[in-house]
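Reviewing the structure listed below.
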Ligand SMILES: Cc1cc2nc3c(=O)[nH]c(=O)nc-3n(C[C@H](O)[C@H](O)[C@H](O)COP(=O)(O)OP(=O)(O)OC[C@H]3O[C@@H](n4cnc5c(N)ncnc54)[C@H](O)[C@@H]3O)c2cc1C
């Protein structure tokens, strides 16, 4: 730990600073597959309990020019939340207040509330908070806001940005800023809430979020469709686009992803397929009718096998197979995991190109993702003991970003840029746009102490 900063903050905020090095080490890295604490790096961990605590830290950081890493639940897959050498890691995990206003259909929450806990609190009032990252049970609202998290149900309900009405943010130096509104409508001035959503801790620390809720849908029903080939699987995705009622979830696992899940545990998926689609409807009063229609459309598109989950328990089991995908891939070994997004109609071309890219570099790959949004998570496995294998995986990663760009897509759909994708940001934005974005950052963070090196490199 950086002794002088740790001691100074411990005096200013007794009980909030982690003084046990073993406990502090737990805050060093996030879920970025290549995450590693810098050798010999020193950092200070503060577990804030209130806005006032955050103000104290950001005042100190500005006075002493200390970098600050805002941290939620450390599930970032892009290296956005790990400790930086000499930094203060400012954890908001203990800021877990939740207030639900059922009349206005709003939740006012602390940044440390877990996504799944907010969903449960809203459900007690017959309401739902739809944004649903696969990490829902582990990730925090602060992290979701800072990454504009997406997830499984975006195809129907949109992403985090679609639910954030307003924010309370502490800026470097300790000033408190409130953005946005609580009303259903509002056009007073620039949308600074939108600016902070997805800013990955590079502008300030979110200390409260005002979030829109919606009426709770019916429990979703699920269709599992198994296809003999990748081409047929993608034809299934296209067929669903012709449906009049948008499914509440369209998830893709290609054959190797299905096999990886089954290697991890028996989730009832068939091995050796060309691909699997999981499709859901939660349309009040019509879910059963919808899943029958989706099943027929998927069969017509070439599915070899279609099963409709009869009840919630069966549906949950199928979804569990999708939710464990990340640990299942992790269990297979070292990997690079991508997060590109292309127009939905071009997704099939991207999946095909990923497998060509993998073959060209002599690697194994899996493709999975939120097919209804064109958001793909290709994954390349490499041998960590072989330099050449690691280099090949890096080149394959770069090829995928370029393939996505060529198809009209973007280098990240939902995981953000973090440290991982910073090298590509300049190319995607262009020099002029990058300069404008850095000028905006300087308005809020003139000293450049907020999560430096992340996003902008
Ligand atoms: C198994 C698994 C599945 C996943 N599935 C999805 C998915 O389906 N969709 C998806 O979008 N993502 C997914 N992710 C990625 C990750 O869960 C999300 O990016 C999530 O939003 C991060 O939340 P967190 O609380 O863990 O934030 P952290 O990882 O702690 O931080 C993420 C970023 O937010 C910033 N931050 C955190 N709190 C604050 C705050 N209070 N103020 C300002 N900045 C803050 C950090 O500085 C960092 O830049 C997955 C990750 C895993 C491990």
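Some observations on this one:
- For the pair residue 65 and residue 356 in one chain, pulling the backbone fully straight at 0.36 nm per residue adds 100.0 nm over the alpha carbon distance.
- Here the alpha carbons of region 98-215 define both size measures, Rg and Dmax, at 13.3, 40 Å.
- For the chain, the C-alpha radius of gyration sits at 0.98 times the compact-globule guess of 2.2 N^0.38 Å, with N the residue count.
- Comparing region 262-316 with the 2.2 N^0.38 Å rule of thumb, its C-alpha radius of gyration ratio is 1.24 (two decimals).
- Kirkwood hydrodynamic radius of region 176-267, Cα pairs, Å: 18.3
- Considering region 3-91, its Cα convex hull presents a mean projected area of 5.4 nm².
- Every Cα-Cα pair of region 203-350 was included, and the share exceeding 27 Å stands at 28 percent.
- Across the alpha-carbon set of region 286-330, the Rg to Rh ratio works out to 1.07, Rh being the Kirkwood radius.
- Reported to the nearest whole Å, the Cα centre-to-centre distance from region 417-448 to region 197-263 is 29.
- Reducing region 1-74 and region 317-331 to their Cα centroids gives an inter-centroid distance of 32 Å.
- Mean Cβ neighbour count within 10 Å, used as a protection proxy, ranking 236-246, 109-119 highest first: 109-119, 236-246
- Here the contact order of region 254-319, divided by its residue count and restricted to Cα pairs under 8 Å and six or more residues apart, works out to 25 percent.
- Relative counts (whole %) of C-alpha pair distances in region 333-416, using bins that are 10 Å wide: 20, 54, 22, 3
- Between residue 427 and residue 116, residue separation times 0.36 nm minus the direct Cα-Cα distance comes to 108.4 nm.
- Within region 305-457, the percentage of alpha carbon pairs spaced more than 19 angstrom apart rounds to 62%.
- Extension gain, residue 410-residue 316: 0.36 nm per intervening residue step, less the Cα-Cα distance, totals 30.7 nm.
- Spin-label pair residue 435-residue 101: with each label point 7 Å from Cα along the Cα-Cβ axis, the two points sit 4.3 nm from one another.
Here, each number is a calculation from the coordinates, and none is a lab measurement. This structure is a prediction, so every number in the text was calculated from the model and none was measured. So basically every Cβ, Gly included, is an ideal-geometry build from the backbone, and we count neighbours across all protein chains shown.
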